[in-house]
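Here is the structure we will look at.
The values are calculated or read from the model by the stated rules, or taken from the named source; none is laboratory data. Everything quoted here is computed from the prediction, not taken from an experiment. We place every Cβ from the backbone using ideal geometry, glycine too, and count neighbours over all the protein chains shown.
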Amino acid sequence: MHDPDGIALILARAQFAFTISFHFIFPAFSIGLASYLAVLEGLWLKTGQEKYLNLFKYWLKIFAIGFAMGVVSGIVMSYQFGTNWSVFSDKAGPVIGPLMAYEVLTAFFLEAGFLGVMLFGMGRVGKKLHFAATLAVAVGTCISAFWILAANSWMQTPQGYAINAAGQFVPQSWPEIIFNPSFPYRLVHTVLAAYLTTALAVGGVAAWHHLKGRKTPEVKTMFSMAMWMAALVAPIQIFAGDQHGLNTHHYQPVKIMALEGHFQSHPEGAPLYLFGWPDQAAQTMRFPIAIPHLGSLLLEHDWNAPMRGLDTVPREDQPPAAIIFWSFRIMVGLGFLMFGLGLWSLLARWRKKLHDWTWLHRLALVMGPSGFVAVIAGWVTTEVGRQPWVVYGLLRTRDAVSPIGAPGVTGSLVAFVIVYFSVFAAGTWYMLKLMAHAPAAGETAPVSAPIRSAGITAAAAVEPDGKEPR
Amino acid sequence: MDLTVIWAVIIAFAVAMYVVMDGFDLGIGILFPSVPVGPDRDQAMNSIAPVWDGNETWLVLGGGGLMAAFPLAYAIVLPALYAPLIAMLLGLVFRGVAFEFRWRDPGHRKFWDAGFCLGSLVATFAQGITLGALLQGIEVHGRAYGGGWWDWLTPFSLLTGASLVTAYALLGAAWLIWKTEGALNALARRFATWLLPAFLLVVGAVSLATPLLEGVPKYHERWFQWPGLLVTAIMPFAFGGTALLCWQGIRRGRDWLPFATALGLFALTLVGLGISIWPDVIPGRVTIWQAASPPQSQAFMLVGAAVLVPIILAYTAWSYWVFRGKVGAHGYH
């Protein structure tokens with residue numbers, strides 16, 4: 001391709017980063033929300049308490065919007081590998097393609113096949129069958145995470161392949177490919193992130209209604225559930241994230257050097273830079289605030305462990321340090337704030353003030369969107385940290401791009417930006433509108449038609465007496 | 001049997017499933033402006049709301065499966081069709097979200113209805129152009145697309161684009177005849193009375209234009225050599241008979257008949273396309289064996305597909321069964 005300045009490459013990368021970041025927000029929410037919905041419906045079936053059913057219907061309407069946006073932005077992803085990264089598709093297709101095909105066969109069809117029943121079928125199938133449909137959707141979202149993270153992890157820590165005469169990666173061992181070294185860590189860390197993100201979003205909505213004085217049983221229940229999740233999952237997530245970081249330190253040490261801002265090697269123990277400005281051109285950290293030796297302690301569990309820096313890595317093999325130094329700190333900082341929120345909620349619960357402490361509600365409200373920010377920051381850290389490789393150490397990003405010139409990619413990028421910002425902003429607005437009213441008794445199910453004069457509302461269809469009106 | 005042949009059949013099956021299943025719901029999008037605002041539109045939308053997502057999943061299987069089983073074809077075709085494919089994806093974004101958004105925001109329902117229609121129209125037209133561009137031949141250099149920006153844009157590809165719009169609209173009208181009642185049912189029958197002749201006309205035009213293409217593929221040879229010849233002999237009768245049944249169904253037949261026979265017409269058309277293209281994956285340029293991924297990839301996926309595709313078909317059928325019958329103005333009843 002005639003692209004001497006690499007402009008078309010930068011544009012193609014920008015387009016992928018833009019579309020995947022937008023897309024990732026929705027599955028991060030729907031993985032957690034689908035499981036939450038399954039829990040709510042299960043609790044309703046088990047206890048018969050109406051508040052769980054009301055919460056289920058309340059969140060189901062929000063889920064429907066998020067899921068639709070996830071589907072349409074996901075279809076874009078499945079084609080963008082070919083439109084913009086055709087050399088990658090040709091070379092890595094034999095390995096990545098089957099993993100994605102399994103994602104479609106085991107997850108996407110499962111979700112799509114049962115989503116219709118989950119959304120609209122409550123009056124048409126029995127309660128138990130409906131619950132099974134909800135479970136199928138929830139399980140589907142997790143299976144989807146399994147395959148796509150296997151594919152992504154293989155690009156980070158490839159193994160189990162050979163390379164043929166055409167330069168293609170040829171699978172040698174599927175277990176090795178799927179269970180590559182970074183996969184278990186990435187899977188746990190990402191799925192926990194989705195759960196935590198959803199818990200914080202649910203908690204934020206509940207906190208808003210607490211602050212507005214709308215403390216219905218539903219609002220109280222969802223706040224309590226969300227704070228349990230924050231209190232329990234945030235510390236587990238911090239531990240899982242640390243393990244993931246150690247795994248990265250072992251298999252992708254250059255990524256860690258860059259995200260820690262370690263330009264220089266430290267033979268007698270590396271500091272931990274809390275803040276600073278990584279200056280890649282000068283290969284140095286500007287305005288550093290550092291704690292001596294803490295870097296070695298965290299990564300090597302030894303105050304004085306020698307650590308290599310980016311000075312041992314050719315400039316052309318270094319990832320952009322400034323981006324991932326900061327995205328990593330945003331993610332970790334938010335993680336600790338979530339942990340703090342969880343602890344505070346435990347204290348409030350212990351003092352029986354969970355629904356009374358307004359400052360707790362204010363923090364929970366502010367933290368409502370924090371999961372999404374942390375998820376994107378974490379994703380940026382791991383993906384930008386993989387640069388300049390698309391398949392780590394084997395295929396450079398610049399060698400993987402399609403022969404599409406800068407004008408073409410500019411056109412599509414502009415179109416994606418306009419459409420995504422307008423369509424997904426509208427969708428987010430509709431979700432916020434739904435969240436703005438408090439869940440309460442008599443919550444309606446996702447309606448297809450807004451006029452329900454004929455007495456066949458889905459709400460009537462799920463009367464506890466189990467009668468199914470036709 | 002040859003793994004690569006099996007995978008070609010599976011991908012063809014996925015594409016065919018996509019064409020007929022998303023075909024009818026895209027078709028409803030195309031017909032949407034002609035459907036009166038109010039209960040009729042709501043009814044049309046509700047008839048596909050529970051199933052559109054599953055229908056579109058076949059498109060992801062077609063794309064993902066192509067990358068997995070024939071990565072070289074995926075790597076050449078997608079850049080060659082860059083503009084129409086991006087347009088298709090953006091069209092699908094608009095129409096996909098409209099299913100939810102139009103209920104959520106009655107104040108802007110007009111806007112989302114327009115998005116639903118235009119998105120469906122653009123996506124369909126782009127898919128038709130994709131078909132035309134494939135048939136007329138794609139420039140290949142080495143392992144990459146070697147043509148220019150606008151190679152896909154020819155009178156022939158515009159014809160195939162318009163043809164697919166007509167074809168999906170017919171399928172959508174037939175679906176509405178099956179799933180709705182009252183005024184909308186009558187309206188859908190009126191649509192179908194002129195969509196069926198239009199469909200026959202465009203299929204005829206594409207069939208006549210294809211052998212005349214000055215491209216590399218020698219389509220007429222495939223039609224006039226064994227076993228294509230057998231199909232050539234039978235096809236006009238099969239097509240004519242099915243079209244006649246469809247016509248009768250539209251005029252005064254049972255409500256399910258137009259949709260069933262329209263599916264039959266689609267199946268015959270797809271068989272015809274299969275004969276033209278087989279055994280290439282990029283007509284005249286790349287055969288399925290040249291584009292095939294290694295047997296380790298194809299075998300691994302085949303295990304999954306053999307088990308999962310029947311299961312998928314079973315629960316998809318169950319989901320359609322749950323929402324059987326007429327939809328009514330207020331959702332399924």
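Looking only at the range A:53-68, residues that are over 17 Å from A:ALA107 (Cβ atoms) and facing another protein chain (nearest Cβ under 8 Å) come to 2 in all.
The residues of the range B:274-333 that are within 9 Å of chain A (Cβ to nearest Cβ), touching a Phe, Trp or Tyr at 6+ places or on another chain (Cβ under 6 Å) and in a helix (DSSP H, G or I), listed by number, are B:GLN298, B:PHE300, B:GLY304, B:ILE312. Which residues, taken from the range B:68-85, are touching a Pro at 6+ places or on another chain (Cβ under 9 Å) and closer than 22 Å to A:TYR102 by Cα? Result: B:ALA68, B:ALA69, B:PRO71. Checked against (1) in contact (Cβ under 8 Å) with a residue 12 or more places away in the chain; (2) part of a helix (DSSP H, G or I), A:GLY123 meets all criteria but (2).
Tallying residues that are of a type outside the set (Ser, Thr, Tyr) and either away from chain A (no Cβ under 13 Å) or touching a strand residue (DSSP E or B) at 6+ places or on another chain (Cβ under 7 Å) (or both) within the range B:141-157 yields 4.
Filtered by the rule that a residue be surrounded by fewer than 20 Cβ atoms within 10 Å (Cβ to Cβ), modelled with pLDDT of 95 or more and touching a helix residue (DSSP H, G or I) at 6+ places or on another chain (Cβ under 6 Å), the range B:95-121 gives no residues. For the residues A:SER173, A:SER144, the requirement of being polar (S, T, N, Q) and more than 23 Å from A:ALA28 (Cβ to Cβ) singles out A:SER173. If you filter the range A:431-459 down to residues that are more than 8 Å from chain B (Cβ to nearest Cβ) and loosely packed, with under 11 Cβ neighbours inside 10 Å, you find that the one that is modelled with the highest pLDDT is A:GLY442. If the condition is being assigned to a helix (DSSP H, G or I), aliphatic (A, V, I, L, M) and over 17 Å from the mean Cα position of the chain (by Cα), then the range B:199-221 contributes B:LEU201, B:ALA205, B:LEU208, B:ALA209, B:LEU212. Just one of (1) surrounded by fewer than 24 Cβ atoms within 10 Å (Cβ to Cβ); (2) free of Cβ contacts under 8 Å to residues at least 60 places away in the same chain; (3) of a type outside the set (Lys, Arg) fails for B:VAL51. It is (2). Comparison of A:GLY368, A:GLY427, A:GLY393 shows that the only residue that is under 30 Å from B:ARG109 (Cβ atoms), away from every other protein chain (no Cβ under 14 Å) and of a type outside the set (Val, Ile, Thr) is A:GLY368. The condition (being at pLDDT below 95, touching a Leu at 6+ places or on another chain (Cβ under 6 Å) and more than 19 Å from A:HIS23 (Cβ to Cβ)) is satisfied by just one residue among A:LEU129, A:LEU105, A:LEU119: A:LEU105. A single member of A:ARG362, A:ARG349, A:ARG386 is of a type in the set (Lys, Arg) and either free of Cβ contacts under 8 Å to residues at least 24 places away in the same chain or in contact with a Leu (Cβ under 9 Å, 6 or more places away or on another chain) (or both), and it is A:ARG362. When B:LEU135 is tested against (1) outside any helix (DSSP H, G or I); (2) away from chain A (no Cβ under 14 Å), only condition (1) is not met. Within the range A:74-104, can you find the residues that are within 7 Å of chain B (Cβ to nearest Cβ) and under 11 Å from B:LEU89 (Cα atoms)? Within the range A:74-104, A:ILE75, A:VAL76, A:SER78, A:TYR79 meet the criteria.
Filtering the range B:83-97 to residues that are in contact (Cβ under 8 Å) with a residue 60 or more places away in the chain and either touching a Gly at 6+ places or on another chain (Cβ under 8 Å) or at the interface with chain A (Cβ under 7 Å from one of its Cβ atoms) (or both) leaves B:ALA83, B:ARG95. The set of residues from the range A:264-295 being within 29 Å of the chain's Cα centre (by Cα) and among the hydroxyl-bearing types (Ser, Thr, Tyr) comprises just one member, A:TYR273. If you filter the range A:299-310 down to residues that are within 22 Å of A:PHE239 (Cα to Cα) and crowded, with 16+ Cβ neighbours inside 10 Å, you find that the one that is nearest to the chain's Cα centre (by Cα) is A:LEU299. Against the list (1) outside any helix (DSSP H, G or I); (2) at pLDDT below 95, the condition A:GLU316 fails is (1). Checked against the criterion of being part of a helix (DSSP H, G or I) and surrounded by fewer than 24 Cβ atoms within 10 Å (Cβ to Cβ), the candidates A:PHE67, A:PHE81, A:PHE18 yield just one match: A:PHE18.
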